[in-house]
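Here's the structure we're looking at; comments come further down.
We did not get these values from a lab; they are worked out from the coordinates using the rules stated. On a predicted model such as this, the values are computed, not experimentally measured, just so you know. No Cβ is skipped: glycine too gets one built from the backbone with ideal geometry, and neighbour counts run over all protein chains shown.
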Amino acid sequence: MDSDRRTDDELVQEFQSGSERAFNEIVLRHRRRIFQVAMGIVGNAEDADDIAQEVFIKSYKSLGEFRGDSALSTWLYRITFNLSLNHIRSRKLRSFVSLDKIAAVLPGGESPSRRVESVELNEIVKRAVAELPAKQRTVFLLRYFQKLSHAEIAEIMDREVGTIKANYFQAVRKLRLKLGPYLSEKDDHEK
Amino acid sequence: MTREELLDKLAEPLHLMSESDLAHAEKLALSDREVALSLRHSKALSGFEIDEIVGEPLTSDAEFLTALREKLEPKPALIDRLLWQSGLFGRPRLLAVAATLGVLLVVAVFGIRSGGTLAPVWWITSGQQMFSYDELYLEDDASADLDYEALAYYMDVSDVVDDWNLMSYEDTPLTDLWLTLEAESQEEVLKQFAETSFF
């Protein structure tokens, strides 16, 4: 049977019937996104990889009791979110990347156009995202890049939908403020 | 759609906007600077992939899965391996362990019989062994002031006690006697030695 044609629900059912291969398929299908979510929160690739391992260890032990009340991906993201927060608490990491490091990379006193010339735009966006508070950053990444709905993010983060929306729009507003000059300059250059 | 609603939509990922909403935004952007900036930012951000923002996993799928499987399937405990391991060396190893345990049991039993020293009988010198037997078979009083007569009485062989007394050794070792030659004997030996010819 072609694994690509099977849905998450089918894979879960196969695993619950004793198929270890089905679990491998689940891992390969979701590990990248789980890494990205963890990375968005803890900001360290090694830690994010470790968290992804932990997520699948926990899910392996609990998947037998998974009833499918929510999507498998939502359930996995929720585990990821909780483990990532625990990780941050244990290491007392407050931000994705230290602000000092970001400030050191971004040169000051230059015009935005000069900065665009010296630093790639994706690096600027990356750093702007990194500077967001952890909650706003997580909501933004889940919404904008993982394409989850506000309701799904609320379920993952165990918050009200309104709170999630507020976090998201604050994140977008801050990004626009930070990226505005760079994006405008880039657009002008392209014209 | 109001202007505010349009601005909210432009804050969302661009792919969520319908064609008509997008057309409306582009039309409005010609006269509204804020809408124009929002549209520009939305288009720019939508051009990014998440890999570009947060990076990629450090490990390949195969490495990740292998590491995960190792954690999920820990190696069995030693006793389980000994009992259940199949293959060429499984049964001989099990027999070797059983034999070792048997030897240890025998050693422990003999150690207790040898007087509580926890050493097997064949490790004990003959003197220690006799002492051990005395300790084992005679009562405390008997072993405390042991003499041949009492022992013979205890063993109900009183008729041989005289023989045992005769078997007792001299206090002075025999070699010492040989070293204390009388003066006459010494002179006789020296005389014989002087008369002896070699070759």
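Brief remarks follow.
- With the simple spin-label model, which puts each label point 7 Å out from Cα in the Cβ direction, the B:S31 to A:S70 separation comes to 4.5 nm.
- Computed Rg/Rh of region A:125-182, alpha carbon atoms with Kirkwood Rh: 0.98
- Reported to the nearest whole Å, the Cα centre-to-centre distance from region B:25-49 to region A:30-63 is 34.
- Against the empirical curve 2.2 N^0.38 Å, the C-alpha radius of gyration of region A:1-58 lands at a ratio of 1.25.
- Number of partner chain Cβ atoms within 10 Å, mean per residue of B:34-46: 4
- Length gained on full extension, B:H24 to B:V157: 35.0 nm, using 0.36 nm per residue less the C-alpha separation.
- For region A:35-84, the fraction of C-alpha pairs more than 13 angstrom apart is 52%.
- Average Cα contact separation per residue, region A:7-98, under 8 Å, 6 or more apart, as relative contact order %: 34
- Ellipsoid semi-axes for region B:17-70, based on the Cα gyration tensor and the rule √(5λ), read 42, 12, 6 Å when sorted largest first.
- Here the calculated FRET efficiency for B:K43 and A:R32, from their Cβ-Cβ distance with R0 = 25 Å, stands at 0.50, rounded to the nearest 0.05.
- Computed E for B:L58/A:N86 - FRET, C-beta separation, R0 22 angstrom, nearest 0.05: 0.60
- Among A:L121, B:L101, A:L175, the order by Cβ neighbours within 10 angstrom, fewest to most, reads B:L101, A:L121, A:L175.
- Computed from the C-beta positions of B:L72 and A:D9, the FRET efficiency with R₀ = 25 Å rounds to 0.70.
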